[in-house]
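K.L.:
Quick one: the structure is below, questions incoming.
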Amino acid sequence: MGKKARKGNGGVDGDGYNKNVLRQASDGIGKFKKSYKHRKNSDSQTPVIRKQVEPETAKYFSEIASLFESQGVDVEERAVICGNALEEARGKEFELATDYIISHTLQTLLDGCDVDNLCSFLRGCSNVFPAISMDRSGSHVAETALKSLARHVQDTEAYNVIEETLRMMCEMIVVNPDDLMCNCYGSHVLRSLLCLCKGVPLDSSEFHGAKASKTLAKRLNFKVSPLDGNDSQHLQQGFPNLLKFLVSGMINSTRADIKTLQVDQYSSLVLQTALKLLAGDDQELLQIIPVLLGCNKQNLVEGEFIDMTIAGEALESMKETAFSHLMEVILEVAPESLYNEMFTKLFKNSLFKLSSHYCGNFVIQALISHARTKDQMELIWEELGLNFGDLLGMGRSGVIASLIAACQRLQTHEYKEWIQPYLLSIASMAAEHVLETAKDAGGACVIDAFLASDASAKQKRRLVVKLRGHFGELAMHPSGSFTVERCFDAGSLSIREAIACELLAVRTELSKTKQGPHLLRKLDIDRYATKPDQWRSKQASKQSAYNEFYVAFGTSESPTKNKFLCDASMDISEPKELNTRKEIDSSLNSISMVDDTLAEKKKKRKKRKRDVGSEDGLGSKKVMENAVKNFLSSGSIDKKRRGASKHKLKF
C-alpha cells in the first residue's frame, strides 16, 4: 500500500484547536500520583504531551486494519506492508500506541514485521516508551513489541541490533523509573522487559507470580525451588549485562524513595521479579537487597550488610501486604551470609510477634523454610516451640507446617513433632464427632491423612468402626466420598463388605451425584449386588496378592505400622517407599497374572530391593505430610491479605 501524503499541521486539528493533553493511565493514576508526590527529583521528568492523531493518519491505519481483516494479504506482502506502516508511524508512536482503536492495528503490525522494522520502531519511541507502557492501550503495544523481540532473539544475526535497541530503552527507563514501577500497566511491561533481558519466557509463571500450590510445595520441600541457581528449563538467549544495568539503575535511581516502593503493590511485583531473575548472582544481590531493606550504606562488606537502625522499621513494614510479598522473595534468594545476618539482626526475638500477624506470618514461613543451619532451627524453636497452641488458635498453622518441614529437611528436632499425641487424639474422638469431621471438607482431609499415615492398625480400626452404619450417608457428600474410599482401601475384608453393603442400599441416589459413579465403580458395587461371592473372592485374591507383594519387596529398614490392610492377626512387612495402591492395582487384573509376576520377580528380589530403596524418598516424608494435610485442611490462607493483590497470589 502506498504511503499517504504528509501534512504539517502537527498537533492541531482541522479547526485549528490545539489538542495537547497531559496523558496519564486512567486506572493507574492513583499510583502515579503517590510515587510522584514522594519523589524528590520529579521536576526533572518532562511531562509527555499527547498530540491528537490526524484524521488522515487515522484513516490510513483504518485501511491497514481492514486489509488485514479481509485476509487478502499473503505472508511476503504482509511483512512489507507492516514495515511501510511502521515507517509511517515514525514520530507519532506515542499518539498511535495510546489510541484505543489504532493501538490494536499497531499490535498487528509489530507482530508481523521483520526485526529491522521492529527495532527501528522501538528506537524511535524509546524516549516515550515509559509513557506508552503506562497507558492502558499503549501497554498492550509495548508488550506485543517485547514478545516480538523475544521471537527474534535466537537469530544470531539480529542479536546485536536487538541488544542496542534494548539498551536505548533501558537507559531511558533508569533515568526515572518510579512512575513506571508504581503503575499498574507499566509495572507489567517492566517485568516483561526484565524477563526478556534474562532470557526467560515473558509469560513465565515462575517470575510473574507462582500459584499458591507451587509456592506451598516449594516451602514444604516437596520439590526443589526452580529459582535455586536460576536453573530454568526454558532459559533462552538473554542479555545478562543489560539485566544487571537495568536492575541496578532502577535501585540507584529510587534509593531515596525506597520506603514508598516497599509498600506499593506494583513496584513490589517489579522488585520481586528482578530478585528472582538475579537468583544465584550473589554479588548483585548483596548490593541490592540491603537497599531494599532501607539501608543507605555504600560499599557493603560481609557482616555489615544490615544497619541495626532500620530493624524496627523493617519489621513494621513486613506487616504491609506488598512488602511482606517482597520479603518472602528476599529470604528465598538471599545469599547465605546475608540470610544469616538478616536472621540475627532483623528477626531474632521477634518471631512470635511477626508470626501472629496476618501478613507477617507469611514472612516467618519463608524465613523458616530457608533456614540454613540447625543452630537457626534451635533459635526458632526457642521462640515458637511453646506457642503452637496460640498459633493454631490464631489460624497460623502455616508457620507450624513450615517448621515441621524445615525440621525434616535439616533432620533436627524430630522428637518435638508431637505426631503420636495428635494421632491418638484423632483415634479417640467420639463417633458423632468423627462423622461430623468426615462431612466437612477440611475435616475429611485430616481423616484422609490419618488413614494414609503410619498410625497403627489399632488406631485406624478405632476410627473406621465409628463410621460403620454411616458410610452410605457419608458417600453422598462430595468430600465424604473420599473418606469412604480411603476407609475401603485401608479396611479389612469385613470392613470392605460392610462399606459395600451400605453403598448398595443407596446406589440409586448415589449414582446421581457427581462423585457417585466413580465411587460405585471403584468399589465394584455392581458386582457385589449381582455376584457377592465372586466379589468376596476377588477382594480376597487382591489382598493375598498385596500381601505377597509386600513380603517379596518389603524392606527391613522400617517395619510396617499399617497392618490394617488385612486381618489384625497378620503381620506383613510394608515398605514406606512403595507407591500407592492405585499403581499396584494396574498390575492386578487377575490373581493368576500377579502370581506369575511374583514368581518371576522373586528371582530378582535383591536387585529390586535396591531399586525400591532408591526411589524418591517419599516414605521419609509421611510424618510431615500428616501435619501438612492438617495445614491444608485448616483453611489457613488469609483471604483478606491475599485478596489485596490480583496480580499475585501466595501463601
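K.L.:
Any residue at all in region 497-520 that's open to solvent by 30 Å² or more (accessible area, probe 1.4 Å), closer than 19 Å to Ala427 by Cβ and acidic (Asp, Glu)?
P.N.:
The answer is no, given that none of the residues of region 497-520 is open to solvent by 30 Å² or more (accessible area, probe 1.4 Å), closer than 19 Å to Ala427 by Cβ and acidic (Asp, Glu).
K.L.:
Of the conditions (1) open to solvent by 50 Å² or more (accessible area, probe 1.4 Å); (2) modelled with pLDDT under 90, Asp526 satisfies every one except a single condition; which number is it?
P.N.:
Every condition holds for Asp526 apart from (2).
Yes/no matrix, rows are residues, columns are (1) in contact (Cβ under 8 Å) with a residue 12 or more places away in the chain; (2) within 24 Å of Cys407 (Cα to Cα); (3) not hydrophobic (A, V, I, L, M, F, W, C):
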residue	(1), (2), (3)
Ala279	yes, no, no
Pro290	yes, no, yes
Gly294	yes, no, yes
Ala322	yes, no, no
Val333	yes, yes, no
Asn349	yes, yes, yes
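K.L.:
Could you count how many residues in region 101-114 are assigned to a loop (DSSP other than H, G, I, E, B) and either within 23 Å of Ala150 (Cβ to Cβ) or open to solvent by less than 20 Å² (accessible area, probe 1.4 Å) (or both)?
P.N.:
Count: 2.
K.L.:
For the structure I just gave you, tell me whether Arg409 is among the charged types (D, E, K, R) and modelled with pLDDT of 90 or more.
P.N.:
Answer is no for this residue.
K.L.:
Filter region 271-305 down to residues that are under 23 Å from Gly199 (Cβ atoms) and of a type in the set (Asp, Glu) and give me whichever is surrounded by the most Cβ atoms within 10 Å (Cβ to Cβ).
P.N.:
Filtering first and then ranking leaves Glu284.
K.L.:
Scan region 78-100 residue by residue and report those that are assigned to a loop (DSSP other than H, G, I, E, B), open to solvent by less than 70 Å² (accessible area, probe 1.4 Å) and not basic (Lys, Arg).
P.N.:
Answer for region 78-100, where residues must be assigned to a loop (DSSP other than H, G, I, E, B), open to solvent by less than 70 Å² (accessible area, probe 1.4 Å) and not basic (Lys, Arg): Ala89, Gly91, Thr98, Asp99.
K.L.:
Take Leu467 and decide whether it is out of contact with any Phe, Trp or Tyr (no Cβ under 9 Å at 6 or more places or on another chain), more than 25 Å from Ile368 (Cβ to Cβ) and open to solvent by less than 10 Å² (accessible area, probe 1.4 Å).
P.N.:
Considered against the rule, which asks whether it is out of contact with any Phe, Trp or Tyr (no Cβ under 9 Å at 6 or more places or on another chain), more than 25 Å from Ile368 (Cβ to Cβ) and open to solvent by less than 10 Å² (accessible area, probe 1.4 Å), Leu467 comes out as yes.
K.L.:
Same structure again: Out of region 309-343, which residues are part of a helix (DSSP H, G or I), farther than 19 Å from Ser369 by Cβ and under 21 Å from the mean Cα position of the chain (by Cα)?
P.N.:
Thr321, Ala322
K.L.:
Separate question: Scan region 163-195 residue by residue and report those that are under 10 Å from Leu246 (Cβ atoms), open to solvent by less than 10 Å² (accessible area, probe 1.4 Å) and not in a helix (DSSP H, G or I).
P.N.:
Pro177
K.L.:
From (1) in contact with a His (Cβ under 6 Å, 6 or more places away or on another chain); (2) open to solvent by 10 Å² or more (accessible area, probe 1.4 Å), pick out the condition that doesn't hold for Ser268.
P.N.:
Failed condition: (2).
K.L.:
Which one is nearest to the chain's Cα centre (by Cα), of the residues in region 474-505 that are closer than 17 Å to Lys439 by Cα and not in a helix (DSSP H, G or I)?
P.N.:
His477
K.L.:
Here are some residues: Leu410, Leu403, Leu386, Leu391. Which one is out of contact with any Lys or Arg (no Cβ under 9 Å at 6 or more places or on another chain), surrounded by fewer than 20 Cβ atoms within 10 Å (Cβ to Cβ) and within 26 Å of Ala455 (Cα to Cα)?
P.N.:
Criteria check complete, one pass: Leu386.
K.L.:
While we're on this one: Looking at region 361-390, I want the residues that are under 18 Å from Leu338 (Cα atoms) and have a partner that is β-branched (Val, Ile, Thr) and open to solvent by 10 Å² or more (accessible area, probe 1.4 Å) with Cβ atoms under 6 Å, at least 6 apart or on another chain. Which pairs are those?
P.N.:
Short answer, once both residue conditions are applied: Lys374/Thr412; Met377/Thr412.
K.L.:
Which of the residues that make up region 241-263 are surrounded by 24 or more Cβ atoms within 10 Å (Cβ to Cβ) and at pLDDT 95 or above?
P.N.:
Passing the criteria: Leu243, Leu246, Val247, Met250.
K.L.:
Report the residue count in region 70-84 for those that are aliphatic (A, V, I, L, M) and in contact (Cβ under 8 Å) with a residue 60 or more places away in the chain.
P.N.:
So the answer is 1.
K.L.:
Could you tell me whether any residue of region 424-436 is at pLDDT below 85, open to solvent by 40 Å² or more (accessible area, probe 1.4 Å) and out of contact with any strand residue (DSSP E or B) (no Cβ under 7 Å at 6 or more places or on another chain)?
P.N.:
yes
K.L.:
Can you name the residue in region 344-370 that is part of a loop (DSSP other than H, G, I, E, B) and within 23 Å of Gly303 (Cβ to Cβ) and, of all such residues, is most open to solvent (accessible area, probe 1.4 Å)?
P.N.:
For region 344-370, the residue satisfying everything is Asn349.
K.L.:
Could you go through region 439-458 and let me know if any residue there is open to solvent by 60 Å² or more (accessible area, probe 1.4 Å), more than 30 Å from Thr373 (Cα to Cα), not in a helix (DSSP H, G or I) and not polar (S, T, N, Q).
P.N.:
yes
K.L.:
Another one. Please determine whether any residue of region 116-131 is among the polar types (S, T, N, Q), over 28 Å from Glu76 (Cα atoms) and modelled with pLDDT of 95 or more.
P.N.:
no
K.L.:
Right, another one. Suppose we keep only residues that are under 12 Å from the mean Cα position of the chain (by Cα) and not in a loop (DSSP other than H, G, I, E, B) within region 196-224. Which one would you say is modelled with the lowest pLDDT?
P.N.:
Restricting to residues being under 12 Å from the mean Cα position of the chain (by Cα) and not in a loop (DSSP other than H, G, I, E, B), the top hit is Ser213.
The values are calculated or read from the model by the stated rules, or taken from the named source; none is laboratory data. Just so it is clear, the model here is predicted, and its values are computed rather than measured. For neighbour counting, all protein chains shown are included, and Cβ atoms are generated from backbone atoms with ideal geometry for every residue, glycine included. Heads up: the accessible areas ignore ligands, DNA and RNA and are worked out on the full protein's heavy atoms, side chains in. Shrake-Rupley method; radii C 1.70, N 1.55, O 1.52, S 1.80 Å.
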